[in-house]
Every structure is written in structure tokens, then in C-alpha cells.
């Protein structure tokens, strides 16, 4: 699949990634404008934990996040973390070994975002 019309944004993301610093980038916009395609292209050939938030309960989202961390670790069956804090602590520990990218896609479905009243189509990329 060819990637079109987002070379400028992709270049900016890669430049920020190459600094090696911890970053949080929020990508937002109308539906169907290529936000996910931009993130997918940026993540190519980089270590990434990609979490697609569900329009579901916090427990189901924690299970999905746990699975995403397990996939990153090469585990077919991953343990479910007791809390989001535990899961985020694991991501922090993993990031000490290598510069990883953590993506939360469909951010408005994430329980933390609903507590903060974020309801638009945002996506967060942490690296």
C-alpha cells in the first residue's frame, strides 16, 4: 500500500523520534483523514506497543492493553495486569531497554480519557 500526502507530518514525527527523548504526540482530526495510516507508517520498522482502545469497559480495555504488551514481548498468552498503573509501569520498564513507541488508537474510548472528558477523535503516540 502506497502512503500519500503525509510526508511532512511523517518527517516531523521521525525527527522527534530520533532525538531519543520521551515525547507525547496527540494526533487529531476529522474521521477518515488518515490519522491511523500516518501512525502505522511512522511505526514501521520501530519497536511499538499498539493499543486499539475498545468502546467497552475499563476491565476489557485493560485486558486488551495487557494483550498488546504481551504481543510486544512475544507472548501468545499474556497475563492481565491488575490496573492501568501496573500496565503503564510495565511499559515504562520496557522503555528503559529500548526506545519504544506506545500508541493508543481511538483515544476517546480509553477509560482515562473519558474521565478527562476527551471525546473527539484523538490518537496518542508516546515515545
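The values are calculated or read from the model by the stated rules, or taken from the named source; none is laboratory data. Because the structure is predicted, anything quoted here is derived from the model rather than measured. When we count neighbours, we look across all protein chains shown, and the Cβ atoms used for this are built from the backbone with ideal geometry, even at glycine.
Considering only segment 28-51, state which residues are in contact with a helix residue (DSSP H, G or I) (Cβ under 8 Å, 6 or more places away or on another chain), under 19 Å from residue 94 (Cα atoms) and surrounded by 16 or more Cβ atoms within 10 Å (Cβ to Cβ). Spell out how you get there, then give the answer.
We begin by selecting, within segment 28-51, every residue in contact with a helix residue (DSSP H, G or I) (Cβ under 8 Å, 6 or more places away or on another chain); these are 28-29, 38, 41-42, 46-51.
Now drop any that are not under 19 Å from residue 94 (Cα atoms), which leaves 46-51.
If the condition is that a residue be in contact with a helix residue (DSSP H, G or I) (Cβ under 8 Å, 6 or more places away or on another chain), under 19 Å from residue 94 (Cα atoms) and surrounded by 16 or more Cβ atoms within 10 Å (Cβ to Cβ), then 48, 49, 50, 51 are the ones that fit.
Out of 58, 78, 87, which single residue is touching a helix residue (DSSP H, G or I) at 6+ places or on another chain (Cβ under 8 Å) and surrounded by fewer than 16 Cβ atoms within 10 Å (Cβ to Cβ)? Full working, then the answer.
On the way: 78 fails: surrounded by fewer than 16 Cβ atoms within 10 Å (Cβ to Cβ); 87 fails: surrounded by fewer than 16 Cβ atoms within 10 Å (Cβ to Cβ).
That would be 58, the only listed residue that is touching a helix residue (DSSP H, G or I) at 6+ places or on another chain (Cβ under 8 Å) and surrounded by fewer than 16 Cβ atoms within 10 Å (Cβ to Cβ).
Tell me, which helices (runs of 4 or more DSSP H) lie completely within segment 44-127 with 1 or more residues that are modelled with pLDDT of 90 or more?
Numbers: elements: 58-72, 84-95, 111-115.
Per the criteria, 58-72, 84-95.
Taking into account only those residues within segment 1-27 that are at pLDDT below 90 and outside any loop (DSSP other than H, G, I, E, B), which is surrounded by the most Cβ atoms within 10 Å (Cβ to Cβ)? Even if it seems obvious, please write down each step before you answer.
Initial filter on segment 1-27 (at pLDDT below 90): 1-7, 20-27.
This time we only want the ones that are outside any loop (DSSP other than H, G, I, E, B), so: 7, 24-27.
Details: 7: 10, 24: 9, 25: 17, 26: 12, 27: 20.
Ranking the qualifying residues of segment 1-27, first place goes to 27.
Taking segment 70-88 only, how many residues are within 15 Å of the chain's Cα centre (by Cα) and under 20 Å from residue 98 (Cβ atoms)?
5
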